Structures are given as C-alpha cells and as structure tokens.
Amino acid sequence: MIFTRWKKGEPREGRVFLVLDPDNAMTAETCPACGKPLGATAPVQLLAIGPMDSEDMELHNSGRWYSAVALVFHAHCLGTETVPPQPSRSRNTVPHQGDGDA
Ligand SMILES: [Zn+2]
C-alpha cells in the first residue's frame, strides 16, 4: 500500500516521479488507468485516493493533512505532460535562456 500526504481540496495528483528504477518492485504493478505495468520507461505519478481508517477520515473531514492512500499511475495516463527522458541530451541545456522571466 502506498501513501501520500494529502488534504481535502488539494489536487489529488501528486508529484511526478522519475522513471522507475528497473529494480524497483513497483515496475511490476499495473497502472489503474491503462492496465499495463508501470515499467521502467515512463514517468509515474501518485494519485491520492483518500483516508484508509477512521483516524485519517477525521483529519480528512477537518481539512487537515494526512497520509492518504494513493495509487500509482503513468504520469501521462493522468494527463500530465512530461518530458520524455532523453539520455543523449545535456542536462545543462537551458532551452529559453535569455527570454527573461522577471
Ligand atoms: Zn497507464
């Protein structure tokens, strides 16, 4: 069972994880959206489902943070745009350097 910090009113979509390590047991889990294994080639993302017990339910109902049960999806199955991993590209490349975001 996977948990993520969540509270009512916050987006259910958690942070996007990097592509899973091939050794990670989670790669064999299936994505609830497409039914395919999470694998080790696509970024994955947590989706908060809700409280697991009455204690968490109380926190949930009072709008406080708690550890909600979460499911793991492919990030793209949740509609999250992710940059596909491109090992050959330098991490130091700044695509829009000089555009100014001040
Ligand atoms: Zn999927």
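The values are calculated or read from the model by the stated rules, or taken from the named source; none is laboratory data. What you see is a predicted model; the values in this text were computed from it and never measured. Here the Cβ is made from the backbone with ideal geometry for all residues, glycine too, and neighbour counts use every protein chain on show.
What's the total number of residues in segment 23-51 that are farther than 17 Å from GLU10 by Cβ and out of contact with any helix residue (DSSP H, G or I) (no Cβ under 7 Å at 6 or more places or on another chain)? Walk me through how you get there before you give the answer.
Initial filter on segment 23-51 (farther than 17 Å from GLU10 by Cβ): 23-44.
Pick out the ones that are also out of contact with any helix residue (DSSP H, G or I) (no Cβ under 7 Å at 6 or more places or on another chain) and you get 23-30, 32, 35-36, 41.
Summing the residues that are farther than 17 Å from GLU10 by Cβ and out of contact with any helix residue (DSSP H, G or I) (no Cβ under 7 Å at 6 or more places or on another chain) in segment 23-51 gives 12.
I need the full set of residues from segment 13-35 which are outside any strand (DSSP E or B) and either in contact (Cβ under 8 Å) with a residue 12 or more places away in the chain or crowded, with 18+ Cβ neighbours inside 10 Å (or both), in order please. Working first, answer last.
Start the filter on segment 13-35 by keeping residues that are outside any strand (DSSP E or B), which leaves 20-29, 31-35.
Once the filter is applied, which keeps residues that are outside any strand (DSSP E or B) and either in contact (Cβ under 8 Å) with a residue 12 or more places away in the chain or crowded, with 18+ Cβ neighbours inside 10 Å (or both), segment 13-35 yields LEU20, ASP21, PRO22, ASN24, MET26, THR27, GLU29, CYS31, PRO32, ALA33, CYS34.
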Worksheet entry | Selection within segment 36-48 - within 16 Å of the ligand (Cβ to nearest atom) and not basic (Lys, Arg) | PRO37, LEU38, GLY39, ALA40, THR41, ALA42, PRO43, VAL44, GLN45, LEU46, LEU47
Worksheet item: Which of the residues that make up segment 50-102 are surrounded by 10 or more Cβ atoms within 10 Å (Cβ to Cβ), within 16 Å of the ligand (Cβ to nearest atom) and either modelled with pLDDT under 80 or not aromatic (Phe, Trp, Tyr) (or both)?
Response: ALA70, LEU71, VAL72, HIS74, ALA75, HIS76, CYS77, LEU78, GLY79, THR80, THR82
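Could we say that ALA33 is in contact with a His (Cβ under 9 Å, 6 or more places away or on another chain), at pLDDT 95 or above and within 11 Å of the ligand (Cβ to nearest atom) here?
Working: in contact with a His (Cβ under 9 Å, 6 or more places away or on another chain): yes; at pLDDT 95 or above: yes; within 11 Å of the ligand (Cβ to nearest atom): yes.
It is true that ALA33 is in contact with a His (Cβ under 9 Å, 6 or more places away or on another chain), at pLDDT 95 or above and within 11 Å of the ligand (Cβ to nearest atom).
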